[in-house]
1. Picking from 299, 287, 273, 295, which residue would you name as being open to solvent by 30 Å² or more (accessible area, probe 1.4 Å) and at negative phi?
2. How many residues are open to solvent by 70 Å² or more (accessible area, probe 1.4 Å) and either among the aliphatic types (A, V, I, L, M) or modelled with pLDDT of 90 or more (or both) if we restrict to segment 138-162?
3. Which ones in segment 91-111 are surrounded by fewer than 21 Cβ atoms within 10 Å (Cβ to Cβ), of a type outside the set (Gly, Ala, Ser) and in a helix (DSSP H, G or I)?
4. Please pick out the residue among 365, 404, 320 that is at pLDDT 95 or above and farther than 18 Å from residue 276 by Cβ.
5. Quick check: anything in segment 371-379 in contact with a helix residue (DSSP H, G or I) (Cβ under 8 Å, 6 or more places away or on another chain), among the β-branched types (Val, Ile, Thr) and more than 8 Å from the ligand (Cβ to nearest atom)?
6. Which is within 16 Å of the ligand (Cβ to nearest atom), under 30 Å from residue 378 (Cα atoms) and in contact with a Phe, Trp or Tyr (Cβ under 6 Å, 6 or more places away or on another chain), of 256, 249, 325, 320?
7. Starting from segment 173-194, keep only residues that are touching a residue at least 24 places away in the same chain (Cβ under 8 Å), then list their pairs with residues that are surrounded by 16 or more Cβ atoms within 10 Å (Cβ to Cβ) and part of a helix (DSSP H, G or I) whose Cβ atoms are within a distance under 7 Å, requiring at least 6 positions of separation or different chains.
8. Would you confirm, using the coordinates I've provided, whether residue 357 is assigned to a loop (DSSP other than H, G, I, E, B), small (Gly, Ala, Ser), within 8 Å of the ligand (Cβ to nearest atom) and at pLDDT 95 or above?
Amino acid sequence: MRSGTSMQEGGRTMQRNWRGFFAVIISAAIAAALTRMELPLVLVLALAMFAGGALLLVLDPTHSEDEMTLQAQEADLPSGFGRALLDNIPSPVFVINERGRVAYANRPMRSLVPRAEPGLHFSAIFRAPRFVEAVNKAFNSSPVRDIDFSALFGGTERVLNAHIAQLPPVSDFGPGAQVLVQIADLSDQRATEVARTDFIANASHELRTPLASILGYIETLRGHAKDDPEARAHFLGIMNSQAQRMQRLVEDLMSLTRIEMAAHSSPSEICDLYDTTREAVRALQPLAEKIGAELNLALPEEDLALIADRDQIAQVITNLTENALKYGGQGVSVTVSAASSVPPRPRMVGIAIEDTGPGIAREHLHRLTERFYRVSAKKSKEQGGTGLGLAIVKHILARHGGELAVESELEQGSSFTIWLPVSQN
Ligand code: ADP
C-alpha cells in the first residue's frame, strides 16, 4: 500500500519535471522571437515568463484533482466508505453542505422526516430555534454540539436530541459538505421518566393524607382529649381506619411492583378458570350480604384449564367483583358468568362481571386502568379504594396475554369482561 503510493507520487514528480522542462524550452523560443521584434530586454523576459507560466497551467489541468485525491488518501478514507456506513446505521443521520442544504440523508432519517431530501434547507427539517442556532454555530466552530429540542410531528410533540459535528474538508459527500447531524428520539424515554415521577408523587400524596390525619389525632389525644374517654374512643376509631387505608395502599403498591417484576416471565402453571373464579366470588359473599347486594354465579360446571397464575387470576376476579359491589351499593345485582364470544375473539375465553350499579360516563372509560385514576375520588375513598385495583387487573392480564373490555352506561350498570388466551396444546 505504502510502496504503491510512493510509486504513484514518483510518477507524478517525473511528469511535473518533464512539463517544467518543456515550458522553459517554449519560453526560450518565445523570448528569441520577441528579441527579433527589437523590444526592450525587460519586456521580453517578462512576456516570456508569463507565457511559460500560462503553459505550465495548460499542460497540468489535473493539478487540483490530483491534490484532492492526495488529500483524501492522506486522510485514509476509502472512497464511499462513510456513505455506506451511514446508510447502514439504524439512527437518523444527515449531512448539510456549506449552503445550509441537505447533501445526504440516510434511510432512518428519511422515514423520520420524509421531506429531508437533498437540496432542502436544514431549517425546514426541524423548525426549532434551538436546533437551527446549534447548526449555525457548528458551521463556524469545530466543537461537537449536543442539544435537546422539541419538534412537532403530525400534530404530536416529540423530544429529540441532535448530535452536531463538523466534517473534515474532504468527505464522501462532496467538498461542500460541512456538518453532520445525528438525531435520537427521546420521547418514549422522557414519557417513562415523567410516568415514574408522577407515580412516585401520587403514591407519596396518597400515603401522606392518612398519615397527616393520624399525626393530627395523636396530637389531639395528647392534648385536650387526654381525659375525655368518649372522644378518645372516637378518634382511635378514625385513626384505625386511616391506618388500614395506608395498609391497603402499601399492599396494592407492593402487589403492583411484584406483577411488574414478573411481567416478562410467562405463567407456567395450569389453572382451572371456572374453579378459580368460583372460589374468588364465594369469598366475597359476606361483603355482598353486608352491603345488601345480590351476588350471582353463572358458570358452566365443566373444567376450563388454562396456563395461568391462579393467585393472579383470583386477584383480577376479586378486584372486579369487589368494585361492582362497592360502587353498586345496596340493592345492586352482580352476576359473574362465562362471557359469550361477542365480539369474536378467536382462541380466547372470557369471564364477565356485570352489575346494575350507577354506571360510568363514557369519557372516563379509557382512563380507568391508569394508576390512581378515579371517577369520583370522594366515593372511592369512602369505599376504601386505593385507585390501583384496575391498574393491577390490567398488568395481570397483560402478563397473561389477555385483555380487559369495559362497557358501561350511566344509570344502567357496567360490564367488565376479562379475556384470556386458551392453552396451546
Ligand atoms: P378504586 O380503588 O378507586 O376502586 P379502581 O382502579 O379499582 O380503583 O377503579 C377505578 C375507578 O373506576 C373507581 O374509583 C370507580 O370510580 C370506577 N369503577 C370501577 N368499577 C366500577 C363499577 N363496577 N361501577 C362504577 N364505577 C366503577
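The values are calculated or read from the model by the stated rules, or taken from the named source; none is laboratory data. Not measured: the values here are computed from a predicted model. So basically every Cβ, Gly included, is an ideal-geometry build from the backbone, and we count neighbours across all protein chains shown. Areas reflect the complete protein model, heavy atoms only, side chains present, ligands, DNA and RNA absent. Shrake-Rupley method; radii C 1.70, N 1.55, O 1.52, S 1.80 Å.
1. Checking each option against the conditions leaves just 287.
2. Count: 3.
3. 107, 108, 110
4. When all the criteria are applied, what remains is 365.
5. No: zero hits.
6. 320
7. Qualifying pairs under 7 Å: 179/135; 179/138; 181/135; 183/109; 183/112.
8. yes
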